[in-house]
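Q: Before I ask anything, let me first share the structure, which is written out below as structure tokens.
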Amino acid sequence: MEHLGALTLIPTLVVLVLAIYTKRSIEALIAGSVVGILMISPSDPIGLLRDKSIAVVTDEDVAWVILVCGLMGSLIALLIKTGAATAFTNSLTHLIKGKKSALFVTWILGLFLFVDDYLNSLAVGSAMRKVTDHYKTSREMLSYVVDSTAAPISVLIPISTWAVFFGALLEDNGLAANGQGVWVYIQSIPYMLYAWIAAIIVPLVIWGKIPLFGAMKKAEMRAEQTGVCVPPGAEHIELANQSITEKPGVKANLWQFVLPMVALVAFTWHYDIDLLKGIYVTLALTVILIVIQRTLTAHEAFDTIIDGFKTMIEPLAVLVAAFLLKEVNDGLGLTQYIIESLQPYMTAQILPLAIFLTMGLVSFATGSNWGVFVIILPIVAALGNSLNADMALVIGATLSASTFGSHACFYSDATVLTAQASGCTPFQHAYTQLPYALIAAAITSLGYILLML
């Protein structure tokens with residue numbers, strides 16, 4: 001793939017600078033994409049914009065994300081409308097005695113919903129907002145705890161969408177025999193250092209062993225001293241989340257929340273870790289149950305499904321803009337440029353560290369943690385084989401880099417969805433979380449250095 005050298009970095013730099021300046025994601029993503037389009041096709045930018053936009057919205061993976069996220073919004077809306085979410089919150093209130101235990105329960109819930117990071121972020125964030133608000137916890141802190149038990153936990157437990165996806169990639173690239181992709185993935189789990197460390201740091205932050213600092217400390221002081229849990233500038237997200245209200249007079253119980261969640265995990269697992277199939281079946285069964293119990297009429301149930309889908313429009317718009325930026329960066333050859341620039345300096349000993357740092361940077365810059373690795377993994381496989389490197393360690397470093405990108409980038413899918421579910425903007429979430437992600441990245445880098453010895 002051809003590239004423009006260091007100039008390929010310009011669109012991503014535009015996005016980062018504008019995001020920091022405006023503290024908003026979608027405008028920065030669109031501006032960066034437009035700059036990249038002008039670089040690729042200065043004579044016909046509108047034509048290329050049309051082609052790239054159509055390529056994004058007709059892409060199978062993008063369609064999957066839109067359906068999964070929209071229908072998760074629908075399921076959550078049903079749980080709110082029927083009072084099931086309130087019943088779940090009330091049940092937790094009897095168990096939780098303070099702010100730290102509320103955040104710790106949030107972390108524990110994230111450990112159990114390991115099957116998919118989207119499911120984890122949306123379900124846990126939505127379920128715990130009222131609980132953590134009660135104890136004057138900032139939405140930024142809530143989103144950090146939720147996000148740190150989403151992708152990291154889904155990576156580490158090999159019966160998740162991550163394991164299935166990357167297991168297939170390992171087979172496709174000759175790193176595992178047919179049918180052995182997940183087994184090779186499992187062998188690499190001990191070396192997925194970033195995922196381990198990011199998840200372990202969370203309870204240390206909750207219990208004060210790692211202190212609050214920077215933007216997160218300010219956010220927590222705001223919530224504790226003023227009771228303002230929703231950060232300024234995120235009011236529109238909170239309004240969207242509160243647009244679905246409980247039907248007056250409903251009498252839901254805890255099982256009306258627990259059963260759909262258990263069903264979603266079970267059916268997703270049954271359908272070979274396909275979350276979209278799991279949501280289809282769970283949503284259908286939930287509607288049938290609601291109508292049979294006369295909690296809602298059929299018309300009310302389907303109106304709620306549509307309203308719930310609508311609450312996901314803004315995060316989906318950000319994700320589509322991020323996919324557009326990825327298309328533009330692919331056209332500019334960004335990934336290829338970074339790899340070619342660093343490839344001459346790689347040896348078998350430093351390869352895991354180099355992969356983590358380089359691929360983590362690429363994943364952070366592009367906002368892609370799956371798509372970019374379809375491009376990168378063949379190169380990683382060729383490098384590892386040519387240098388006779390430990391492939392389990394190399395694969396672990398690659399997954400660590402992917403997890404870091406998902407965790408740290410302010411316009412990655414995980415960041416956007418966690419922010420929406422928790423009730424803050426993607427930038428506010430990423431900005432307050434970034435120091436802790438960098439701590440985990442630094443410890444991970446040290447770990448790979450020690451493994452080199």
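Q: Within 10 Å, Cβ to Cβ, of Ser406, how many net charges do the neighbouring residues add up to if Lys/Arg are +1 and Asp/Glu are -1? Could you put the intermediate results ahead of the total?
A: Values: positive: none; negative: Asp117, Asp147, Asp413.
Surrounding charge for Ser406 is -3.
Q: If R₀ is 22 angstrom, what is the calculated FRET efficiency for the pair Asp172 and Tyr280, using the beta carbon separation as r and rounding to 0.05?
A: Details: r = 27 Å, r/R0 = 1.22.
FRET efficiency, Asp172 to Tyr280: 0.25.
Q: Using only Cα atoms, find the angle between the long axis of helix 10-22 and the longest principal axis of the chain, and express it within 0 to 90 degrees, rounded to the nearest 10.
A: Rounded to the nearest ten degrees, it is 30.
Q: Can you compute the label reach from Leu204? Point 7 Å from Cα along the Cβ direction, backbone N cut-off under 17 Å, restricted to segment 121-157.
A: Of the residues in segment 121-157, 145, 148-149, 152-153 have backbone N under 17 Å from the label point off Leu204.
Q: If you don't mind, there's one more thing I want to ask. Longer than 20 Å from Cα to Cα, which of Lys99/Lys130; Lys136/Lys218; Lys99/Lys209; Lys251/Lys310; Lys136/Lys251; Lys218/Lys310 are they? Say none if no pair is. Could the numbers behind the result be given before it?
A: Values: Lys99/Lys130 12 Å; Lys136/Lys218 13 Å; Lys99/Lys209 15 Å; Lys251/Lys310 26 Å; Lys136/Lys251 27 Å; Lys218/Lys310 32 Å.
Listed pairs above 20 Å: Lys251/Lys310; Lys136/Lys251; Lys218/Lys310.
Q: Something else about it: Computed FRET efficiency, Cβ-Cβ of Ile306 and Gln349, R0 45 Å: what is it to the nearest 0.05? Can you show the working numbers first?
A: Working: r = 56 Å, r/R0 = 1.25.
Efficiency, from the Cβ-Cβ distance: 0.20.
Q: Across segment 446-452, in residue order, what do the Karplus-derived ³J(HN,Hα) couplings come to in whole Hz, using 6.51 cos²θ - 1.76 cosθ + 1.60 with θ = phi - 60° and x for Gly and Pro?
A: Values per residue, Gly and Pro as x: 4, x, 5, 5, 5, 5, 6 Hz.
Q: Quick one: if you stick a label point 7 Å off each Cα along the C-beta vector at Thr93 and Val258, how many nm between them?
A: In this crude label model, Thr93 to Val258 measures out at 1.9 nm.
Q: In addition: Once fully extended, how much extra length lies between Asn385 and Glu27, figured as 0.36 nm per residue of separation less the alpha-carbon to alpha-carbon distance? It would help to have the intermediate numbers written out before the result.
A: Working: separation 358, 0.36 × 358 = 128.88 nm, distance 4.21 nm.
Separation in residues times 0.36 nm, less the Cα-Cα distance, equals 124.7 nm.
Q: Counting only protein chains, not ligands or nucleic acids, how are Trp183, Trp162 ordered by accessible area (probe 1.4 Å), most first?
A: On the way: Trp183 135, Trp162 0 Å².
From most exposed to least exposed: Trp183, Trp162.
Q: Let me ask you something else. If you stretched the chain out fully between Phe165 and Trp64, how much longer would it get, using 0.36 nm times the residue separation minus the C-alpha to C-alpha distance?
A: Details: separation 101, 0.36 × 101 = 36.36 nm, distance 1.37 nm.
Contour length minus the Cα-Cα distance gives 35.0 nm.
Q: Of the listed peptides 33-41, 398-406, what is their order by residue-averaged count of other C-beta atoms within 10 Å, with the highest listed first? Each step should come with its number before you reach the end.
A: Numbers: 33-41: 19.9, 398-406: 29.6.
Result, highest mean Cβ count within 10 Å first: 398-406, 33-41.
Q: What's the ranking of 17-25, 77-85 by average number of surrounding C-beta atoms within 10 Å, highest first? Provide the component values of the computation, followed by the final result.
A: Values: 17-25: 16.4, 77-85: 25.4.
Descending mean neighbour count gives 77-85, 17-25.
Q: Roughly speaking, what is the stretch gain from Met452 to Lys217, that is 0.36 nm per residue apart minus the C-alpha to C-alpha distance, in nm to one decimal? Walk me through the numbers on the way to the answer.
A: Details: separation 235, 0.36 × 235 = 84.60 nm, distance 3.59 nm.
Length gained, Met452 through Lys217: 81.0 nm.
Q: Further, regarding this structure: Which value, in Å to one decimal place, does the Kirkwood hydrodynamic radius take for the chain when every pair of different Cα atoms is included? Could you put the intermediate results ahead of the total?
A: Values: mean 1/r = 0.0446 Å⁻¹.
About 22.4 Å for the chain.
Q: Continuing with this model, one more query. Of the peptides 387-394, 115-122, how do they stack up when ordered by the mean number of other Cβ atoms within 10 Å, highest first? Let's see the in-between values first.
A: Details: 387-394: 17.9, 115-122: 27.1.
Going from most to least packed, we get 115-122, 387-394.
Q: About its Cα centre, what dipole magnitude does the chain give when the only charges are +1 on Lys and Arg Cβ and -1 on Asp and Glu Cβ, stated in debye to the nearest 20?
A: Using Cβ point charges on Lys, Arg, Asp and Glu, the chain gives about 1660 debye.
Q: Further, regarding this structure: Could you derive backbone 3J(HN,Hα) for segment 307-322 from the dihedral phi with the Karplus parameters 6.51, -1.76 and 1.60 (θ = phi - 60°), listing whole Hz in sequence and x where the residue is Gly or Pro?
A: Result, ordered by residue: 4, x, 4, 4, 5, 9, 4, 5, x, 5, 4, 5, 5, 5, 5, 5 Hz.
The values are calculated or read from the model by the stated rules, or taken from the named source; none is laboratory data. In this text, all values refer to a predicted model and were calculated from it rather than measured experimentally. Cβ sites come from the backbone with ideal geometry, for glycine too, and all protein chains shown count toward neighbours. The protein model used for the area step is the full one, side chains on, heavy atoms only, and it has no ligands, DNA or RNA in it. Shrake-Rupley method; radii C 1.70, N 1.55, O 1.52, S 1.80 Å.
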